[in-house]
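Shown next, in structure tokens, is the structure this report addresses.
The values are calculated or read from the model by the stated rules, or taken from the named source; none is laboratory data. Only a predicted model underlies this, so the values are computations on that prediction, with no experimental measurement involved. For neighbour counting, all protein chains shown are included, and Cβ atoms are generated from backbone atoms with ideal geometry for every residue, glycine included.
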Amino acid sequence: MPLIGYLRLWLACLRYSAVRAMMFRLDFIMWALVELFWMGVNLLMVSVIYSHTSEIGGWNRPQMLLLLGTSMLTQRLLMGFFWSNLFEMGRNIRSGTFDFFLAQPGNPLFMVSTRKVDLDSMANVTVALSLIIYAVRELGLHPGLGDLALYGLAVFCGLAIHYSVLLLTASLTFWTIGSQGLEGGYFTLTEFSRLPREVFKGAANVVFVWILPAVVVSNVPARALLDGFNPTLFAWLVGSAALWVFIATSVFKNGLKRYSSASS
Amino acid sequence: MSVLAKYRYVFLTGLQSSLVYRWNFAARSAFSLVHLSFVFILWGAAYRGQTDIGGFNLAQTLTYFLAMLVIQFFISAQNEDYQIGEDIRNGMINQFLLKPIDYYAYRLTLFFSARLVTGCLALLPIALAYPLFADTLSLPSDPWRLLYGAPALLLSALIQFSIAYIFGLLAFWFLEIQSFIILSLALETVLGGQMFPLDLLPGWTFRLSQFLPYYYQMYFPTAILTGRLDQAQAAEGLIVQLVWLGILYGVGRLLWTRGLRRHTAVGG
């Protein structure tokens, strides 16, 4: 299928998602509220800690809010575009409904990942953006178009990493029967993306900064707005994005070969 | 069959069915250690350059979070709300309407048996990791703290269960209750003191939080045991806690009778 075909397919999915959201309005409002509340919880934590201290790892309050906003933005985008699709993938593999995706005339990974768009998460993207804009103003920054493009690119790489980690955990269902706990593991891991890189020392530095891509996804974009373009940091981010996408898609493809459907 | 014997069987069955999921619980407890390392890193960094935040040193604050983590496995409602909602949706409650067994007491008994299992299993990974953070802890040794802490823990467990019960009963009115549950979880997380010790809030907000049920879910027993509340505050808290338990129990009963009127007993 040519690229334009995929785009048209995705737009059709988007339209379907919008119709669905309008059918279940209360549901849409409730889930948008859920995410809004959780963002509020994190914001409150930062506010309370900064009412007792002036900096954490050398980051002052508005800098920390920028980091938090960036982390939220990436997470909301992940939730909006991919979360329920990949979550359902695990369930479908177990039940055998996954056959349905394989029978479709397109790349299975694309079909699996883009079926639904959660518009409640997309609504909260604007909340994350507002927090980022507030922090940028507080910091007195005036990013130009180039800076914004770099920031956008960095967030995109961060999203690619988040997507890969989620795909990787969901793909494990090809081998194990139950992987429900792993999704909780994803949330535990993303907590670390709300912390500045400077606070990680010793073993925590090795694990969360270097081995797992928890810190790089939020710190590099936030640094791009704070200090401008840093080639080393960008190489690190783009390199890890490429690596994690490669690992996740390889595991997915290998899992696909193992998949033998389920009798019904 | 005497009432006690009846619920003793429920308790034993609950123990057995919880033990089936022992690896899930152990894995969840191991994940919670990862969360604990997040807490230690964050607060360790916040304390850098100062010895005191809100009148407590780093060791006291870390002890608070560790104690809360352990207590959580023993007293907090986990998926009771969801299970109750499922019972209603699937028509499983029909059998309780016909048998001489009280649904609230039945669920509560299952809750206690499940917490006994999750609590003991959670202790395992935490005990293994204990040498890593043993030096950073500081627990007060006043005997009165245990005397007040024990009933506070029991009442907290009952409050946790009653709130979960109420949310589960919403399934009488709503098709999908998961969003209500997660929404309430966000409130519980912050107002129950899991994100930060509530005493770090500005004075009047802290005072206000003491009149909300969330305060008595986690923060109150943890704060008594880890030295963040004095004796007078603990005594006052126990009374408010009892009042809240009464209110929540009453609301639960009311929703149950009202809900049954709407119930159409599908399936069974």
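So here's what we get for this one:
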{"quantity": "Single residue of segment A:27-55 satisfying the filter (under 21 Å from the mean Cα position of the chain (by Cα) and small (Gly, Ala, Ser)) that is farthest from the other protein chains (Cβ to nearest Cβ)", "calculated": "A:Ala32"}
{"quantity": "Residue in segment A:191-220 that is surrounded by the fewest Cβ atoms within 10 Å (Cβ to Cβ), counting only those that are in contact with a helix residue (DSSP H, G or I) (Cβ under 6 Å, 6 or more places away or on another chain), outside any helix (DSSP H, G or I) and more than 9 Å from chain B (Cβ to nearest Cβ)", "calculated": "A:Val215"}
{"quantity": "Residue check for A:Ser240: part of a loop (DSSP other than H, G, I, E, B) and more than 11 Å from chain B (Cβ to nearest Cβ)", "calculated": "no"}
{"quantity": "Helices (runs of 4 or more DSSP H) contained entirely in segment B:70-152, each with at least 3 residues that are among the β-branched types (Val, Ile, Thr)", "calculated": "B:103-133"}
{"quantity": "Check on B:Leu42, in contact (Cβ under 8 Å) with a residue 40 or more places away in the chain and assigned to a helix (DSSP H, G or I)", "calculated": "no"}
{"quantity": "Residue pairs meeting the criteria (Cβ under 9 Å; at least 6 apart or on separate chains; first modelled with pLDDT of 80 or more, in segment A:180-194; second among the acidic types (Asp, Glu) and part of a helix (DSSP H, G or I))", "calculated": "none"}
{"quantity": "Inter-residue pairs, beta-carbon under 9 Å, first at positive phi and in segment B:190-218, second among the charged types (D, E, K, R), 6+ apart", "calculated": "B:Gly193/B:Asp199"}
{"quantity": "In segment A:48-97, residue surrounded by the most Cβ atoms within 10 Å (Cβ to Cβ) [restricted to those that are in contact with a strand residue (DSSP E or B) (Cβ under 9 Å, 6 or more places away or on another chain) and outside any helix (DSSP H, G or I)]", "calculated": "A:Thr53"}
{"quantity": "Residue satisfying all of: in segment B:140-181; of a type in the set (Phe, Trp, Tyr), over 23 Å from B:Tyr215 (Cβ atoms) and out of contact with any Phe, Trp or Tyr (no Cβ under 8 Å at 6 or more places or on another chain); farthest from the other protein chains (Cβ to nearest Cβ) among these", "calculated": "B:Phe172"}
{"quantity": "Wholly within segment B:199-268, helices (runs of 4 or more DSSP H) carrying at least 3 residues that are touching an Asp or Glu at 6+ places or on another chain (Cβ under 6 Å), of a type in the set (S, T, N, Q) and farther than 24 Å from B:Ser141 by Cβ", "calculated": "none"}
{"quantity": "Residue check for B:Leu36: exposed (fewer than 15 other Cβ atoms within 10 Å of the Cβ) and in contact (Cβ under 8 Å) with a residue 24 or more places away in the chain", "calculated": "no"}
{"quantity": "Qualifying positions in segment A:60-71 - within 14 Å of chain B (Cβ to nearest Cβ) and touching a helix residue (DSSP H, G or I) at 6+ places or on another chain (Cβ under 7 Å)", "calculated": "A:Arg61, A:Gln63, A:Met64, A:Leu67, A:Leu68, A:Ser71"}
{"quantity": "Residue within segment B:42-54 that is away from chain A (no Cβ under 14 Å), over 24 Å from B:Leu153 (Cα atoms) and among the acidic types (Asp, Glu) present", "calculated": "no"}
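Conditions tested, residue by residue: (1) within 10 Å of chain A (Cβ to nearest Cβ); (2) crowded, with 16+ Cβ neighbours inside 10 Å; (3) over 30 Å from B:Asn57 (Cβ atoms).
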residue: B:Leu208; (1), (2), (3): no, no, no
residue: B:Ala223; (1), (2), (3): no, yes, no
residue: B:Leu255; (1), (2), (3): no, yes, yes
residue: B:Arg261; (1), (2), (3): no, no, yes
